[in-house]
Every structure is written in structure tokens, then in C-alpha cells.
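Enquirer: Quick one: this structure, given as C-alpha cells, is what I'll be asking you about.
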Amino acid sequence: MHGPASSGWLLVALCAATGAYCLLRMHSSDETQRLAAGDEALMGFGMAAMAVPGSAFTPPAWVWPVYAVVFGGAALRALWVARTGPHHLHHLVGAAAMVYMAAVMTASPTATGHAHGGSGVPLLTGGLLVYFTAYVLVSGVRLLPVAGVAGGAAARSALAWGDRPELARACRLSMGIGMLAMLLTI
């Protein structure tokens, strides 16, 4: 991705840490958590690899089409799983955004501005920015503590690391922020 190296490395660290925690969540006793965690781990590690600053490593040209194929497959899987519930649609949008960014990088892997040739923000980039901004805001609100929750800290501390819903939400929030940062650089 294009942008300053220091923010690129911070994004790499955030996405890699999120992907690593999602791997831990794959050991959850809840099947729904395990399935979502696998998708989110792929997204976290894929975003981390894509966010490596170009000044540190310039991947060969064949990497971007491979990204598009991998995340295209993830998008098809998310589309298939989305028939069981609308909460899987976010994975579809995220995978499609990764395909889009890989396509942009395929078209212009060394550009230092908009790789779209025109002025302003392209419609698809703008739509994805609006979606992920709304997602980040809603996810942030969901992390706010609710007064008077039964069980409180004692109930949460009894949960295994892979079963803690607030940590899963925090991971989704950090990946949403990461996606926003990546979309802003293309």
C-alpha cells in the first residue's frame, strides 16, 4: 500500500496481532465463533501483508493477482455462508474490498497517489469508505460498557480467551480501522 512507512508498520502490527488473536479464537468451544475467527484471521494476516510499506519490500507483480484470487475465494465462501444469516455479509464486504485493493495494486503497483487516473475519490472507494466508517463507529459503540450487566467481570473472567465476545468485537473494530487506513492510501 502507499503511504508513510511508520503508519504502514503500525498497520502491519495491528493487523498481524488481530490475525494472531483470531487464530486463538479458532479454538473456541462455540462453532459460530470458530468459523468467524477463521475468516477474520485470513483477513487480518492478508491486511498485514498488504500493508507492508513499499519502501521496505516491493512484492513481485504476480502477488496482487494471487491476493485477488485468494480473497475472491473468501468472498465466495462468505456469500455462501451469508445465506445462514446476515451477520456474515460483513465478511463478504471485507473480502470484496481486499479484491478491489488487490486489483488497484495490480493496475498501478508503484503509483504514489490515486491509481485511478481521475481526480477525486472513485465511487467504489468512496462507498467502501462510507461502509467501513459506519462499521467502525457502530463497532466502537458496541464496545462501550453497559451499566448493570448481570454477572459482570466475574462471568467474563471465567470465559476462555477464544470465547470473549468483547475481544472479538475489539478485533473486528481494529480490522475495520485498518481497512479504512488501507482504503485511504489507494
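Enquirer: If you go through segment 6-48, how many residues are among the small types (Gly, Ala, Ser) and under 14 Å from PRO165 (Cα atoms)?
Expert: Result for segment 6-48: 4.
Enquirer: Continuing with this model, one more query. Can you tell me which residue is modelled with the highest pLDDT among those in segment 70-110 that are out of contact with any helix residue (DSSP H, G or I) (no Cβ under 9 Å at 6 or more places or on another chain) and farther than 19 Å from GLU40 by Cβ?
Expert: By that ranking, first place goes to ARG83.
Enquirer: If only one of ALA56, ALA95 is touching a residue at least 12 places away in the same chain (Cβ under 8 Å) and part of a helix (DSSP H, G or I), which one is it? Walk me through it before giving the result.
Expert: On the way: ALA56 fails: part of a helix (DSSP H, G or I).
Result of the check over ALA56, ALA95: ALA95.
Enquirer: Still on this structure: How many residues are closer than 21 Å to ALA75 by Cβ and either loosely packed, with under 14 Cβ neighbours inside 10 Å or of a type in the set (Gly, Ala, Ser) (or both) when one looks only at segment 1-49?
Expert: 10
Enquirer: Any chance segment 157-168 includes a residue that's among the hydrophobic types (A, V, I, L, M, F, W, C), more than 21 Å from the chain's Cα centre (by Cα), loosely packed, with under 13 Cβ neighbours inside 10 Å and modelled with pLDDT under 60? It would help to see each step written out before you state the result.
Expert: Of all residues in segment 157-168, those among the hydrophobic types (A, V, I, L, M, F, W, C) come to 158-161, 167-168.
Among the residues that remain, those that are also more than 21 Å from the chain's Cα centre (by Cα) are: 158-160.
With the extra rule that they be loosely packed, with under 13 Cβ neighbours inside 10 Å, the set shrinks to 158, 160.
Subsequent filtering for residues that are modelled with pLDDT under 60 retains 158.
Among the residues of segment 157-168, at least one is among the hydrophobic types (A, V, I, L, M, F, W, C), more than 21 Å from the chain's Cα centre (by Cα), loosely packed, with under 13 Cβ neighbours inside 10 Å and modelled with pLDDT under 60, which makes the answer yes.
Enquirer: Sticking with this one: For segment 1-44, give me the residue count where each residue is part of a helix (DSSP H, G or I), of a type in the set (S, T, N, Q) and more than 13 Å from the chain's Cα centre (by Cα).
Expert: Qualifying residue count for the region: 4.
Enquirer: Here's a follow-up. Does segment 45-80 hold any residues that are under 15 Å from the mean Cα position of the chain (by Cα) and polar (S, T, N, Q), and which are they?
Expert: Residues satisfying the conditions do not exist here.
Enquirer: Check segment 13-30 and report whether any residue there is acidic (Asp, Glu) and either farther than 16 Å from ARG169 by Cβ or free of Cβ contacts under 8 Å to residues at least 40 places away in the same chain (or both).
Expert: No, because not a single residue in segment 13-30 is acidic (Asp, Glu) and either farther than 16 Å from ARG169 by Cβ or free of Cβ contacts under 8 Å to residues at least 40 places away in the same chain (or both).
The values are calculated or read from the model by the stated rules, or taken from the named source; none is laboratory data. Quick caveat: nothing in here was measured; it's all calculated off a predicted structure. All Cβ positions, glycine included, derive from the backbone under ideal geometry; neighbour counts span all protein chains shown.
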